[in-house]
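A short write-up of the structure that comes next.
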Amino acid sequence: MYLNKTRVNGSIAFVTGGGKGIGLATAEALAEAGARVVISGQDEAALLAATEKLKRDGYDVRYALLDITQSEACTEVSERINRDIGPVNILIANAGIAWPDTPAEEMPDSTWNRVIDVNLNGTFWTCRAFGKHMLSRNKGAIVIVGSISGLISNKPQRQVQYNASKAALHHLTKSLAGEWATRNVRVNCVAPGYVNTTMSNINFLDPTYSVPWMAGTPMNRMVEPEEVASANLFLASPASSGMTGTVLTIDGGYTIW
């Protein structure tokens, strides 16, 4: 009974930023649990490689090019996927960017706007586009990928633009969850810490960052993408049917101190 609740057999899942890192691991987790998966992003080569890999493993996966900062594109892709492939009842809003270590007093408008545009606006456009279809069917699960940076102000990097965008995603989660709960569309969020992906590893190679990061992490290691993917699967599956508006932290203990 309980093991079956982690299955998503017959579901169609859409994963933004699905060509690598957390998105790719999540696509694999959902596919292994029985979903048909569509991954999206702007790097077609990465999407194609990811799709081919997952297909070789026997999974039903395809990809769609999407720039989530374009609201019309989010709407068009959602309409097309729901029409041509089937009703999408799982959305993993994972796509995001980090642009760390920019002192706030020197922050160019372009840097602030770019991070907010991808992380906040793009996530909302995606949730709105796919959420409309879920609401029309009274069925759906959305998982937004936030960050511990939405809970704390990280150090030593200066990244007010990133922190603000992720804090906004946590509140977006709660706001959408409250609006859509009675129509059976659940919205939850994961807040990863420092994850072993390209985004974090660029700075992890520099002890200026890695030493304080690990000194503040009780488990003394980075989180693996598969560990975040497991949480995404849980929140997308019937196993979490009583949860909505939750922000689930996956950080090796970083935020407990």
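Only the coordinates and a few stated rules stand behind these numbers; no lab work does. All values reported here derive from a predicted model rather than from experimental measurement. Glycine gets a Cβ as well: all are built from the backbone with ideal geometry, and neighbour counts include every protein chain shown.
Just a few scattered comments:
- Nonlocal amide H pairs with GLN42, under 5 Å, H built at 1.01 Å: LEU66
- Region 104-123-region 147-162 distance, computed between alpha-carbon centres (Å): 14
- Across the options VAL195, HIS133, LEU172, the greatest Cα extent toward the positive end of the charge dipole of region 118-213 (unit charges at beta carbon of Lys, Arg, Asp, Glu) belongs to HIS133.
- Spin-label pair ASN9-ILE85: with each label point 7 Å from Cα along the Cα-Cβ axis, the two points sit 2.1 nm from one another.
- Ordered from longest to shortest, the equivalent ellipsoid semi-axes for region 3-248 are 28, 20, 18 Å, each the square root of 5 times a Cα gyration tensor eigenvalue.
- Gap separating the Cα centres of region 2-20 and region 218-242, nearest whole Å: 12
- Sorted from longest to shortest, the spans of the Cα atoms of region 1-121 along the three principal axes equal 54, 29, 29 Å.
- Spread over its residues, the convex hull of the C-alpha atoms of region 126-186 is 68 Å³ per residue.
- For the pair THR75 and GLU227 in one chain, pulling the backbone fully straight at 0.36 nm per residue adds 51.7 nm over the alpha carbon distance.
- Relative contact order [Cα under 8 Å, 6+ residues apart], region 133-237, whole percent: 33
- With the charge dipole of the chain set up from +1 on Lys and Arg Cβ and -1 on Asp and Glu Cβ about the Cα centre, the Cα lying farthest toward the positive end among the listed residues ASN82, ILE144, MET1 is that of MET1.
- From helices alone, the chain scores -13500 deg cm²/dmol at 222 nm; the rule is -39500 (n - 2.57) for each run of n ≥ 4 DSSP H residues, then divide by the residue total.
- Rounded tilt (10° steps) of 225-236 against the dominant C-alpha axis of the chain: 40
- Sorted from longest to shortest, the spans of the Cα atoms of region 215-257 along the three principal axes equal 36, 21, 11 Å.
- Förster radius 22 Å - calculated FRET efficiency between ILE97 and LYS155, Cβ distance, rounded to 0.05: 0.65
- Building the convex hull from the alpha-carbon atoms of region 120-257 and averaging its projection over directions returns 8.3 nm².
- Here region 150-225 is treated as a sphere whose radius is the Kirkwood value from Cα pairs; by Stokes-Einstein at 4 °C and 1.567 mPa s it diffuses with a coefficient of 91 µm²/s.
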